[in-house]
Amino acid sequence: MSKVIDVHTHMYTAGWLDLIKAKGGPDLKVEASLDSPETVFYKGASFCVLEREHFNFELRVENMTKAGVDMAVVSMPPPGVFWGNAEVSLEAAQMTNNEFSQAQKDFPEHIRWMAVLPWEYPELAVEEIKRACDLGAVAVNTHGSINGRHLTDPIFEPVWQELDNRALPVLVHPTYPIGTELMELDRYALIASTGFMIDTTLAISKMIFDGFFDNYPNLKLIASHAGATLPYLAGRFDRVYDMTERAKVKINKHPSE
């Protein structure tokens, strides 16, 4: 019988929580919401509810057993470590990767993990990829956008090149999208419902039309939440490609491919 492996499942760490409470501001704050006494807010918009299960690997394995999940490849969801200066971002990443690595050692039959990186500081991120892989990371996760920057931003090229060289799988997980305030996503938990879908869809769309997958042919990307709206847009992408020259600037085959 095949193993049941969950590749989209999240954990935080206690040290990370202390650090974001101390140094996550002014844009990121941990406050009470209608759903939890500890919820992460971006400029007043809630998008992440913290639960005790996010911090306890023993409890996670117990719940996995109850649910019939054999192995979890855990990752840190937004806001990840995309806040603070270089020193803080690296500290948060290393702290998390160290704890995830220890969890794999403690529960080798059940836990694997994705490294979290200080993406905004590419030199540090590349070194952390190397260190995390030495610690046992089997993949990396990032967000659909990084503090106002798209994943195709040239600043991230060294990170993508290192990932491509290693053919590491990458989970692209959405976060608060660019334009959150203009779209008034601070209402009704709209970041988690609509905003996340926008973030993933735009991120992968830009990669496709930018020729990203030709530049990094070894990348294995997972677009979260069943690809957001991409499955619904694939036909429209091809139609636009067929009917306009603007869509063909950097690619020479249908986007759906």
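The values are calculated or read from the model by the stated rules, or taken from the named source; none is laboratory data. In this text the structure is predicted, and so the values were computed from the model without any measurement. Neighbour counts run over all protein chains shown; Cβ positions are idealised from the backbone, glycine included.
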Exercise. Output the number of the condition that Phe55 fails; it satisfies all remaining conditions of (1) out of contact with any Lys or Arg (no Cβ under 9 Å at 6 or more places or on another chain); (2) over 30 Å from Gly148 (Cβ atoms); (3) surrounded by fewer than 19 Cβ atoms within 10 Å (Cβ to Cβ).
Key: (2)
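Residues checked against (1) over 24 Å from Tyr216 (Cα atoms); (2) touching a His at 6+ places or on another chain (Cβ under 7 Å); (3) among the polar types (S, T, N, Q):
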| position | (1), (2), (3) |
| --- | --- |
| Ala86 | yes, no, no |
| Ser89 | yes, no, yes |
| Thr96 | yes, no, yes |
| Arg112 | yes, no, no |
| Asp153 | no, no, no |
Quiz item: Looking at Pro174, is it closer than 24 Å to Gly44 by Cβ and either within 16 Å of the chain's Cα centre (by Cα) or of a type in the set (D, E, K, R) (or both)?
Solution: yes
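Among what's in segment 153-195 and is touching a Pro at 6+ places or on another chain (Cβ under 6 Å) and either of a type in the set (Gly, Ala, Ser) or touching a residue at least 60 places away in the same chain (Cβ under 8 Å) (or both), pick the residue that is nearest to Ala125 (Cα to Cα). Can you show your working first?
Quick first cut of segment 153-195, residues touching a Pro at 6+ places or on another chain (Cβ under 6 Å) only: 158-159, 173, 175, 195.
Keeping just the survivors that are either of a type in the set (Gly, Ala, Ser) or touching a residue at least 60 places away in the same chain (Cβ under 8 Å) (or both) gives 173, 175, 195.
Details: His173: 17, Thr175: 19, Gly195: 26 Å.
The qualifying residue nearest to Ala125 (Cα to Cα) is His173.
Restricting to segment 152-192, count the residues that are charged (D, E, K, R) and within 18 Å of Ala226 (Cα to Cα). Give the derivation first.
Initial filter on segment 152-192 (charged (D, E, K, R)): 153, 157, 162, 164, 166, 181, 184, 186-187.
Those still in the list that are within 18 Å of Ala226 (Cα to Cα) too: none.
The number of residues fulfilling the criteria is 0.
Yes or no: Pro158 in contact with an Asp or Glu (Cβ under 9 Å, 6 or more places away or on another chain) and either of a type in the set (Asp, Glu) or crowded, with 21+ Cβ neighbours inside 10 Å (or both)? Talk me through it step by step, then tell me what you get.
Details: in contact with an Asp or Glu (Cβ under 9 Å, 6 or more places away or on another chain): yes; either of a type in the set (Asp, Glu) or crowded, with 21+ Cβ neighbours inside 10 Å (or both): no.
Spelling it out, it is not the case that Pro158 is in contact with an Asp or Glu (Cβ under 9 Å, 6 or more places away or on another chain) and either of a type in the set (Asp, Glu) or crowded, with 21+ Cβ neighbours inside 10 Å (or both).
Please find, within segment 104-124, the residue that is farthest from the chain's Cα centre (by Cα) out of those that are surrounded by 24 or more Cβ atoms within 10 Å (Cβ to Cβ) and not in a loop (DSSP other than H, G, I, E, B).
Of all residues in segment 104-124, those surrounded by 24 or more Cβ atoms within 10 Å (Cβ to Cβ) come to 113-119.
Filter once more, keeping what is not in a loop (DSSP other than H, G, I, E, B): 113-115.
Values: Trp113: 13, Met114: 10, Ala115: 10 Å.
Per the stated criteria, the residue is Trp113.
In segment 207-232, which residues are among the small types (Gly, Ala, Ser) and either free of Cβ contacts under 8 Å to residues at least 40 places away in the same chain or assigned to a loop (DSSP other than H, G, I, E, B) (or both)?
Residues of segment 207-232 that are among the small types (Gly, Ala, Ser), as a first pass: 211, 223-224, 226-228.
Gly211, Ala226, Gly227, Ala228, listed by residue number.
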Quiz item: Restricted to segment 84-95, and to residues that are buried (at least 20 other Cβ atoms within 10 Å of the Cβ) and touching a Gly at 6+ places or on another chain (Cβ under 8 Å), which residue is modelled with the lowest pLDDT?
Solution: Gly84
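Just wondering, is there one or more residues in segment 135-158 that are of a type in the set (A, V, I, L, M), under 23 Å from His254 (Cα atoms), at pLDDT 95 or above and not in a helix (DSSP H, G or I)? Step through it out loud before you land on a result.
Step one: list which residues in segment 135-158 are of a type in the set (A, V, I, L, M), which gives 135, 137-140, 146, 151, 155.
Adding the requirement that they be under 23 Å from His254 (Cα atoms) leaves 151.
Next cut, at pLDDT 95 or above only: 151.
After this cut, where a residue has to be not in a helix (DSSP H, G or I) as well, the list is 151.
Within segment 135-158, one or more residues are of a type in the set (A, V, I, L, M), under 23 Å from His254 (Cα atoms), at pLDDT 95 or above and not in a helix (DSSP H, G or I).
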